[in-house]
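A short write-up of the structure that comes next.
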Amino acid sequence: MVKEVMHLSTAPSTMVCREEEQNVVLGFCKGCVEHEKAGSLYICGCPGTGKSLSMEKVKVNLLDWAKEGGFPVPEVLSVNCTSMSNTTDIFTKILGLHKTLGTKGSGTPLKQLQNLYSHKSPTTNMILIVADELDYLITKDRAVLHDLFMLTTFPFSRCILIGVANAIDLADRFLPRLTALNCKPTVVTFRAYTKDQILRILEERLNELPYTVFQHQALELCARKVAAASGDMRNALSICRSAIEMLEAEIRDSGCNLNTLEEKSSSEQNLPTAPDFVKKQEFDMVRIDHMARALSKTYRSPVVDTIQSLPHHQQIILCSSMKHFRGSKKDSNLGELYKSYAGICKSSLIPPAGIMEFSNMCRVLNDQGLIKLGQSRDDKLRRVTPKVDEGDISFALQGIRFFRNCLQ
């Protein structure tokens, strides 16, 4: 159930963070229906930015609006252009929709459509055409793409054409003749998701579950990494599923008699005692170390290699800095960081270095850009600021025995 919620094929019950773009497209379509006027839109943006899912939402909302407002309900044709064996099949599909409405003619599908839209027709319904992966229609002479958009310029055209593709400048590069004819499609751009948007979308999906699966810090790490790399929501969902699988493998390997995630809902309804419940909650949640490992399958930071090549005690210093600076705390001093370092060494049964040696190791980390040291006559009072992402430290040090103490 958990992995199903985070699967690409599972449409969320509510779609967030694309309301503005959806409203622009829906408003355009409403105007076309109200005034019985053809028109075209070009939807562009990087992969995984919610274009196709938004168009599904727009279609549903447009049909509901038309029914409630007493307008003729538009006919809808949704086509993924990659599914066609021939680029000109797009015209056959559009014509097929007209034939279901009782329209007949002769000639090629394109010629029939051009003739149909050149004369007044008794048909009052508009036709909404959503052509996904539109760039697949780009031919050497660009004729198919041009002829498709030109269908909206005929005097009695009933087409509301929405083309969806990844290329932002497709209209400028491949449809210059449309610009010259003053019928260039309106462009709506879907920007890459930000960290906050990715986090909100993940949380919205997980809210459908009756239990908590991810630590908030783990979701934040995923959102931050994906936003910095591409903003592709598909990657975020895939990484979360991978992290869940790592947790499931850990539960199986532990030999504990705890239920798997799929059984968690029913077990929590039995309301176990508070200590058992807390213990089970901690064990059955995707932690930041799970997420760091999952992220490493998709993204690998060069900083990770640097951390893994450090001497043991310098790794412990970075580990203690991660624990020390977790939360809203952004800087500290060497004296406070040394206490944190010594605490981890003690809990891991590792003899700590002295304060002078510790200070020298911090200078090395500063020179490598892993931490930033301020100036002070007293070494213990030198300000320390972290310069490394917590996720990079988590991944680099996973499996090392002292690292688990940083998570507690």
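Within region 110-122, none of the residues are in contact with a strand residue (DSSP E or B) (Cβ under 7 Å, 6 or more places away or on another chain), farther than 30 Å from Leu221 by Cβ and modelled with pLDDT of 90 or more. Going through (1) in contact (Cβ under 8 Å) with a residue 24 or more places away in the chain; (2) touching a strand residue (DSSP E or B) at 6+ places or on another chain (Cβ under 6 Å); (3) not small (Gly, Ala, Ser) one by one, Arg142 falls short only on (2).
Selection of region 207-225 for residues being more than 19 Å from Ser13 (Cβ to Cβ), touching a residue at least 60 places away in the same chain (Cβ under 8 Å) and not in a loop (DSSP other than H, G, I, E, B) yields Gln217, Ala218, Leu221, Cys222, Arg224, Lys225.
Only one of Arg158, Arg177, Arg191 is in contact with a His (Cβ under 7 Å, 6 or more places away or on another chain) and either more than 16 Å from Asp232 (Cβ to Cβ) or touching a residue at least 60 places away in the same chain (Cβ under 8 Å) (or both); which?
Arg177
If you check Val60, Val25, Val33, Val79, which single one turns out to be exposed (fewer than 15 other Cβ atoms within 10 Å of the Cβ) and of a type in the set (Val, Ile, Thr)? On inspection, the qualifying residue turns out to be Val60.
To keep it simple, each residue is scored yes or no on (1) over 30 Å from Arg287 (Cα atoms); (2) under 27 Å from the mean Cα position of the chain (by Cα); (3) open to solvent by 30 Å² or more (accessible area, probe 1.4 Å).
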residue: Leu145; (1), (2), (3): yes, no, no
residue: Ile168; (1), (2), (3): yes, yes, yes
residue: Lys184; (1), (2), (3): yes, no, yes
residue: Lys195; (1), (2), (3): no, yes, yes
residue: Glu208; (1), (2), (3): no, yes, yes
residue: Gly231; (1), (2), (3): no, yes, no
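Scanning region 115-141 for residues that are crowded, with 20+ Cβ neighbours inside 10 Å and of a type in the set (Ser, Thr, Tyr) yields one hit, Tyr117.
For region 363-371, indicate whether the set of residues that are crowded, with 18+ Cβ neighbours inside 10 Å and more than 18 Å from Glu390 (Cβ to Cβ) is non-empty. Within region 363-371 (the criterion being crowded, with 18+ Cβ neighbours inside 10 Å and more than 18 Å from Glu390 (Cβ to Cβ)), the answer is no, since none of the residues qualifies.
Every residue, every condition in (1) modelled with pLDDT of 95 or more; (2) touching a strand residue (DSSP E or B) at 6+ places or on another chain (Cβ under 7 Å); (3) open to solvent by 70 Å² or more (accessible area, probe 1.4 Å); (4) over 21 Å from Leu148 (Cα atoms), yes or no:
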{"residue": "Val2", "(1), (2), (3), (4)": "no, no, no, yes"}
{"residue": "Ser9", "(1), (2), (3), (4)": "no, no, yes, yes"}
{"residue": "Met15", "(1), (2), (3), (4)": "no, no, no, yes"}
{"residue": "Gly45", "(1), (2), (3), (4)": "no, yes, no, no"}
{"residue": "Gly69", "(1), (2), (3), (4)": "yes, no, no, yes"}
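Scanning region 324-346 for residues that are farther than 19 Å from Leu381 by Cα and surrounded by 17 or more Cβ atoms within 10 Å (Cβ to Cβ) turns up Ile344, Cys345.
The values are calculated or read from the model by the stated rules, or taken from the named source; none is laboratory data. Nothing here was measured: the structure is a model prediction, and the numbers come from that model. Virtual Cβ from ideal backbone geometry, glycine too; neighbours counted across all protein chains shown. The protein model used for the area step is the full one, side chains on, heavy atoms only, and it has no ligands, DNA or RNA in it. Shrake-Rupley method; radii C 1.70, N 1.55, O 1.52, S 1.80 Å.
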